[in-house]
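Data first, discussion second: the structure below is written as structure tokens.
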Amino acid sequence: MRQYRELSDMTKKKISQAMKGKSKSITHREAISNSLKDYWKTVPNKPAQKR
């Protein structure tokens, strides 16, 4: 069981290698898309520079 949120670089690399080439279902891709859209709605635009 994981005790901490942070992962070592070696663990991240192992997970990355294991996931390479695996495709996601259409519903999973839609869920990811919707989540990212909701996230980016919360990030404000950079203020315009005054000349």
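The residues of the range 1-38 that are at pLDDT below 95, of a type in the set (S, T, N, Q) and outside any helix (DSSP H, G or I), listed by number, are 3, 8, 23. For the range 20-43, a residue qualifies if it is surrounded by 10 or more Cβ atoms within 10 Å (Cβ to Cβ) and not aliphatic (A, V, I, L, M), and the qualifying residues are 24, 28, 29, 30, 33, 34, 35.
The values are calculated or read from the model by the stated rules, or taken from the named source; none is laboratory data. All values derive from a computational prediction rather than experimental measurement. Here the Cβ is made from the backbone with ideal geometry for all residues, glycine too, and neighbour counts use every protein chain on show.
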